[in-house]
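Asks: Sending over a structure as structure tokens; questions will come in a sec.
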Amino acid sequence: MDRDALDLAALDAAYQQALTSQREGGIPIGAALVNERGAVVALGHNLRAQTGDPTAHAETVCIRNAGRRRDWHTLTLATTLSPCPMCSGTAVLHRIPRVVIGENQTFQGREDWLKASGAQVRVLDDPRCAALMERFIREHPDLWNEDIGVPK
């Protein structure tokens, strides 16, 4: 599988996770970890609203779901939205070398941290991801602000 196909397949898996979170009444952000052959290693979606856990962002849930492993340095993390400081830090901690981002227009996370750590960051500007977040932010501004730590 070439790099473009791998990135698109990983983002498609992450997008499906975002839709799952939306159906559950949560924040529609999803993530997927894939290996160099494009096989999905783990999936996750934002569970903060569903569980009350403020650390249950999609990327963090995905990395938790991957369990104990020693191949982090070979994986690609795909996420529907630019990762926040916590999620970027988690990817840096585990030395994940590639992060594919669906969109970063509705929220600009800490892509700079990822790049500074040596990770390759690819923003796909996926219109599905942007439309999903734009609608969510418009319809649920209080929940969104709570998720990203904006004071009331």
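The values are calculated or read from the model by the stated rules, or taken from the named source; none is laboratory data. The model shown is predicted, which means the values in this text are computed figures rather than measured ones. Virtual Cβ from ideal backbone geometry, glycine too; neighbours counted across all protein chains shown. What goes into the accessible areas is simple: the full protein's heavy atoms, side chains included, and nothing from ligands, DNA or RNA. Shrake-Rupley method; radii C 1.70, N 1.55, O 1.52, S 1.80 Å.
Asks: Just one of the numbered conditions (1) in contact with a His (Cβ under 9 Å, 6 or more places away or on another chain); (2) among the aromatic types (Phe, Trp, Tyr); (3) under 19 Å from GLN17 (Cα atoms) is not true of TRP72; which one?
Replies: (3)
Asks: Then there's this: Counting only residues that are free of Cβ contacts under 8 Å to residues at least 24 places away in the same chain and of a type in the set (S, T, N, Q), which one in the stretch 92-131 is most open to solvent (accessible area, probe 1.4 Å)?
Replies: By that ranking, first place goes to GLN120.
Asks: Can you confirm whether the stretch 63-81 contains a residue that is closer than 23 Å to ASN35 by Cα, open to solvent by 80 Å² or more (accessible area, probe 1.4 Å), in contact (Cβ under 8 Å) with a residue 12 or more places away in the chain and among the polar types (S, T, N, Q)? So that I can check it myself, show each step before the final result.
Replies: The first filter runs over the stretch 63-81 and keeps only residues closer than 23 Å to ASN35 by Cα, leaving 63-81.
Next cut, open to solvent by 80 Å² or more (accessible area, probe 1.4 Å) only: 64-65, 68, 70, 73.
Going one step further and asking which of them are in contact (Cβ under 8 Å) with a residue 12 or more places away in the chain, we end up with 64-65, 73.
Still in the list and also among the polar types (S, T, N, Q): 65.
Checked against the condition, which is being closer than 23 Å to ASN35 by Cα, open to solvent by 80 Å² or more (accessible area, probe 1.4 Å), in contact (Cβ under 8 Å) with a residue 12 or more places away in the chain and among the polar types (S, T, N, Q), the stretch 63-81 yields at least one hit.
Asks: Another question about this same structure. Touching a helix residue (DSSP H, G or I) at 6+ places or on another chain (Cβ under 8 Å) and either of a type in the set (Ser, Thr, Tyr) or open to solvent by 20 Å² or more (accessible area, probe 1.4 Å) (or both): which single residue out of GLY89, GLY30 fits that description?
Replies: Numbers: GLY30 fails: either of a type in the set (Ser, Thr, Tyr) or open to solvent by 20 Å² or more (accessible area, probe 1.4 Å) (or both).
After ruling out the rest, the residue left standing is GLY89.
Asks: Another one. Give the stretch 28-52 a look and list any residue that's part of a loop (DSSP other than H, G, I, E, B) and under 21 Å from SER82 (Cβ atoms), or say none.
Replies: Step one: filter the stretch 28-52 for residues part of a loop (DSSP other than H, G, I, E, B), giving 28-29, 35-39, 46-47, 52.
Within the stretch 28-52, PRO28, ILE29, ASN46, LEU47 meet the criteria.
Asks: So VAL100 fits all but one of (1) part of a strand (DSSP E or B); (2) of a type in the set (A, V, I, L, M); (3) at pLDDT below 95; what number is the exception?
Replies: (3)
Asks: Oh, and also: Please list, ordered by first then second residue, the pairs with beta carbon atoms under 9 Å, 6 or more apart or interchain, first in the stretch 21-44 and on the phi > 0 side of the Ramachandran plot and free of Cβ contacts under 8 Å to residues at least 40 places away in the same chain, second surrounded by fewer than 14 Cβ atoms within 10 Å (Cβ to Cβ) and assigned to a loop (DSSP other than H, G, I, E, B).
Replies: GLY38/MET1
Asks: Just to check your reading of the model, which residue among GLU146, GLU134 is among the acidic types (Asp, Glu), modelled with pLDDT of 95 or more and open to solvent by 80 Å² or more (accessible area, probe 1.4 Å)? Even if it seems obvious, please write down each step before you answer.
Replies: Values: GLU146 fails: modelled with pLDDT of 95 or more.
Sole residue among the options that is among the acidic types (Asp, Glu), modelled with pLDDT of 95 or more and open to solvent by 80 Å² or more (accessible area, probe 1.4 Å): GLU134.
Asks: Looking at THR79, THR106, can you tell me which residue is assigned to a strand (DSSP E or B) and either over 22 Å from GLY149 (Cα atoms) or touching a strand residue (DSSP E or B) at 6+ places or on another chain (Cβ under 9 Å) (or both)? Working first, answer last.
Replies: Numbers: THR106 fails: assigned to a strand (DSSP E or B).
Only one candidate qualifies: THR79.
Asks: Every residue in the stretch 7-37 that is in contact with an Asp or Glu (Cβ under 8 Å, 6 or more places away or on another chain) and either at pLDDT below 95 or farther than 12 Å from THR79 by Cα (or both), please.
Replies: Scanning the stretch 7-37 gives ILE27, ASN35.
Asks: Is it true that some residue in the stretch 5-25 is surrounded by 14 or more Cβ atoms within 10 Å (Cβ to Cβ), within 12 Å of the chain's Cα centre (by Cα), of a type in the set (A, V, I, L, M) and part of a loop (DSSP other than H, G, I, E, B)?
Replies: Checked against the condition, which is being surrounded by 14 or more Cβ atoms within 10 Å (Cβ to Cβ), within 12 Å of the chain's Cα centre (by Cα), of a type in the set (A, V, I, L, M) and part of a loop (DSSP other than H, G, I, E, B), the stretch 5-25 yields no hits at all.
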